[in-house]
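Some notes on the structure that comes next.
The values are calculated or read from the model by the stated rules, or taken from the named source; none is laboratory data. Since we're looking at a predicted model, the values are computed, not measured. For neighbour counting, all protein chains shown are included, and Cβ atoms are generated from backbone atoms with ideal geometry for every residue, glycine included.
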Amino acid sequence: MCRHLGYLGSPRTLHELICAPPHSLEHQSYAPRHNLYNTLNADGFGVGWFDPAPDPPPDGAPGAASGAADRSPGGDRARRFRRAQPIWTDVSFHEVAEVIESSCVVAAVRSATTGFPVEESCAQPFRADGRLFSHNGVIEGFAGVEAKLRELAGDLAGMPDARAPVDSALLFALAVRRWRAGRPLGEGLADVVAAISGLAPGRYNLLAADGSTLAATTWGDSLFVRSADKEVVIASEPYDDETGWDRVPDRSLIVADESGVRIRPL
């Protein structure tokens, strides 16, 4: 199992979101409070964030007619920092985390499922088409459904992260397929959970962002949300003991954007 976090709101540094709180995501990598299946999340980590949207080019300038090559909500603004080592050992990350800020962030610390390697390609969030994706959970009996999942995922061209040697990668591929077909961010995740839960039992807490929206599912593991002052945090566990954290019911979809936070059953 893993721990992950999504943030949407006023620009905050990665240090403020991931390292500074008393029960930060970094702290959860070695002392989680809500993990039911493991006690360490030390098999790698990843942080994804979105650069500010560029000003549109003036009329007549190159690109003014067609816009950016990537027309997805996050465009080419989605950046990442991933490693196969525990987050607390990476001095370089802690230095850059103090100066990188963003209004939309997805981060995860990993506990590798038995049978899958500890390598950077398996660290999440995954990325495609200006969207970030994280899976906290496991597909039980993966070997028995892998062939079917690969059939459903189809051609993985254009989504290199979907080739990572881990079960989460194929869930990511299924989500990308749905987003490319026009499904909204949250409904794409809900569709994936419906598809995979019909094939195999497991824990399917998914999290995604596109720069202006956060979406997440709960299916077998903890998830909390805190919304205040036009800032929303969705996380596997609260990163502090302040008030305002609400547990998201199991088997739910939560979507947060400029219009507010919405939760519905899956």
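Look at Val166 and say whether it is surrounded by fewer than 20 Cβ atoms within 10 Å (Cβ to Cβ), in contact (Cβ under 8 Å) with a residue 40 or more places away in the chain, among the aliphatic types (A, V, I, L, M) and more than 23 Å from Ser259 (Cβ to Cβ). Judged against the criteria, Val166 is not a match. Of all residues in the stretch 10-29, those being part of a loop (DSSP other than H, G, I, E, B) and over 17 Å from Asp240 (Cβ atoms) number 0. Taking each residue of the stretch 143-159 that is closer than 18 Å to Gly202 by Cα and looking for partners that are exposed (fewer than 13 other Cβ atoms within 10 Å of the Cβ) with beta-carbon atoms closer than 9 Å, six or more apart or interchain, yields Ala143/Gly115. Residues in the stretch 62-77 that are at pLDDT 55 or above and either part of a strand (DSSP E or B) or among the small types (Gly, Ala, Ser) (or both): Ser72, Gly74, Gly75. Condition check: over 13 Å from Leu132 (Cβ atoms), touching a Pro at 6+ places or on another chain (Cβ under 7 Å), at pLDDT 95 or above and hydroxyl-bearing (Ser, Thr, Tyr). Does Ser92 satisfy that? Judged against the criteria, Ser92 is not a match.
The condition of being in a helix (DSSP H, G or I), buried (at least 20 other Cβ atoms within 10 Å of the Cβ), in contact with a strand residue (DSSP E or B) (Cβ under 6 Å, 6 or more places away or on another chain) and not small (Gly, Ala, Ser) holds for only one of Leu207, Leu189, that being Leu189.
Candidates are the residues of the stretch 2-24 that are among the hydrophobic types (A, V, I, L, M, F, W, C) and within 20 Å of Thr89 (Cβ to Cβ); the one that is surrounded by the fewest Cβ atoms within 10 Å (Cβ to Cβ) is Ala20.
Considering (1) buried (at least 18 other Cβ atoms within 10 Å of the Cβ); (2) modelled with pLDDT of 95 or more, the lone condition that Arg80 does not fulfil carries the number (1).
Consider Ala208 carefully, then state whether it is touching a Phe, Trp or Tyr at 6+ places or on another chain (Cβ under 8 Å), within 27 Å of Pro52 (Cα to Cα) and in contact (Cβ under 8 Å) with a residue 12 or more places away in the chain.
For Ala208, the condition - touching a Phe, Trp or Tyr at 6+ places or on another chain (Cβ under 8 Å), within 27 Å of Pro52 (Cα to Cα) and in contact (Cβ under 8 Å) with a residue 12 or more places away in the chain - is met.
For the stretch 111-129, a residue qualifies if it is within 14 Å of Met159 (Cβ to Cβ) and over 13 Å from the mean Cα position of the chain (by Cα), and the qualifying residues are Ser121, Asp129.
Here is the figure for the stretch 25-41: residues that are buried (at least 20 other Cβ atoms within 10 Å of the Cβ) and either modelled with pLDDT of 95 or more or among the polar types (S, T, N, Q) (or both) total 7.
Restricting Glu101, Glu151, Glu119 to those that are modelled with pLDDT of 95 or more, loosely packed, with under 13 Cβ neighbours inside 10 Å and of a type in the set (D, E, K, R) reduces the list to Glu151.
Among the residues of the stretch 215-243, just one is surrounded by fewer than 13 Cβ atoms within 10 Å (Cβ to Cβ), outside any strand (DSSP E or B) and of a type outside the set (D, E, K, R), namely Thr243. Look at the stretch 232-248: where a residue is in contact (Cβ under 8 Å) with a residue 12 or more places away in the chain and of a type in the set (A, V, I, L, M) and a partner is buried (at least 22 other Cβ atoms within 10 Å of the Cβ) and assigned to a loop (DSSP other than H, G, I, E, B), sitting 6+ places away or on another chain with Cβ atoms under 6 Å, you get Val248/Leu223.
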